[in-house]
Amino acid sequence: MAFFDSAADIKIYNYKTREIFSEKCLMAFRKNTDIVAAIGSECTNISPNDEYLDLCIPIVMGKLADYTAAHMLFKYFIQKYIYTINGKRILLRRSTKALIFLYEPCSEVEKKMYNDLLYSLGYKEIFIITAETELNGLTVEEAIWRSEEVHGKLDCAIEIGKDDKYQYARYAYEQLKKDYKRWGYDMDVIKDFE
């Protein structure tokens, strides 16, 4: 399970239908190829040690770890949840505006990467809300739905976070242990920082 700890949970908000869809930020490729075998939640039943598939986590703790895979992932989710309603493809966009909500702090470079990613999918105006954004007492869901009051008509919103934050903490702790080992320190040195 530790492999999946860093994988984000993604929610896709469809402003037209007012629906929210949940997925995992996971992809599986056929071993040593770029052929997609599975996307999103369907990857959770795949073992990281599968001899026929390579698992990929495109977004790790809110950061784009694999831009190309994230592009494929977002394109798939948008086509599936925004441009297909009741099994029928929609030809026209509701808007060329999209919103991303990140639970993690985000540098200007990371914001630019997310902006470029959605721009490459046809969105002209991309709004990014991060952990540092003041929500004025609103829940995340309320802030996302009410964003249209500020930004005008939106096509979709993508919320990137973790339903179980303990998994992020466990992943961060395991990464810290690896770093300390790599740097030649024992974990006891942490006590010196307190």
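The values are calculated or read from the model by the stated rules, or taken from the named source; none is laboratory data. All of these numbers come straight from a predicted model, not from anything done at the bench. Reconstructed Cβ throughout: ideal geometry from the backbone, glycine too, with neighbour counts over all protein chains shown.
Could you list, in sequence order, all residues of region 106-130 that are touching a residue at least 40 places away in the same chain (Cβ under 8 Å) and not in a helix (DSSP H, G or I)?
Passing the criteria: 106, 121.
Checking the structure you have, find out if any residue of region 51-58 is of a type outside the set (Lys, Arg), in a helix (DSSP H, G or I) and in contact with a Leu (Cβ under 7 Å, 6 or more places away or on another chain). No, region 51-58 contains no residue that is of a type outside the set (Lys, Arg), in a helix (DSSP H, G or I) and in contact with a Leu (Cβ under 7 Å, 6 or more places away or on another chain). Filter region 19-63 down to residues that are of a type in the set (D, E, K, R) and in contact (Cβ under 8 Å) with a residue 40 or more places away in the chain and give me whichever is farthest from residue 105 (Cα to Cα). So the residue we want is 19.
Residues that are within 15 Å of the chain's Cα centre (by Cα) and assigned to a loop (DSSP other than H, G, I, E, B) were ranked within region 78-105; the one that is nearest to residue 146 (Cα to Cα) is 103.
Against the numbered list (1) surrounded by 14 or more Cβ atoms within 10 Å (Cβ to Cβ); (2) assigned to a loop (DSSP other than H, G, I, E, B); (3) of a type outside the set (Asp, Glu), residue 45 comes up short only at (1).
Please indicate, with yes or no, whether at least one residue in region 158-176 is acidic (Asp, Glu), at pLDDT below 80 and either exposed (fewer than 10 other Cβ atoms within 10 Å of the Cβ) or outside any loop (DSSP other than H, G, I, E, B) (or both). Yes: region 158-176 contains one or more residues that are acidic (Asp, Glu), at pLDDT below 80 and either exposed (fewer than 10 other Cβ atoms within 10 Å of the Cβ) or outside any loop (DSSP other than H, G, I, E, B) (or both).
Listed here are the residues, each with its yes/no results for (1) in contact with a strand residue (DSSP E or B) (Cβ under 7 Å, 6 or more places away or on another chain); (2) surrounded by fewer than 16 Cβ atoms within 10 Å (Cβ to Cβ); (3) of a type in the set (Gly, Ala, Ser).
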| site | (1), (2), (3) |
| --- | --- |
| 28 | yes, no, yes |
| 39 | yes, no, no |
| 87 | no, yes, yes |
| 91 | no, yes, no |
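What do you reckon, is residue 181 over 15 Å from residue 62 (Cβ atoms) and not in a helix (DSSP H, G or I)? Spelling it out, it is not the case that residue 181 is over 15 Å from residue 62 (Cβ atoms) and not in a helix (DSSP H, G or I).
Here residue 75 clears all of (1) out of contact with any Leu (no Cβ under 9 Å at 6 or more places or on another chain); (2) under 22 Å from residue 15 (Cα atoms); (3) surrounded by fewer than 16 Cβ atoms within 10 Å (Cβ to Cβ) except the condition numbered (1).
Residue 70 meets each of the listed conditions (1) of a type in the set (Gly, Ala, Ser); (2) assigned to a helix (DSSP H, G or I); (3) without any contact (Cβ under 8 Å) to a residue 24 or more places away in the chain apart from (3).
On the given criteria, is residue 94 charged (D, E, K, R) and out of contact with any Lys or Arg (no Cβ under 9 Å at 6 or more places or on another chain)? No; evaluated as a whole, the condition is false for this residue. Among the residues of region 24-54, write down those that are under 16 Å from residue 10 (Cα atoms) and at pLDDT below 90. Once the filter is applied, which keeps residues that are under 16 Å from residue 10 (Cα atoms) and at pLDDT below 90, region 24-54 yields only 44. Of 4, 21, all but one fail to be over 12 Å from the mean Cα position of the chain (by Cα) and at pLDDT 95 or above; the exception is 21.
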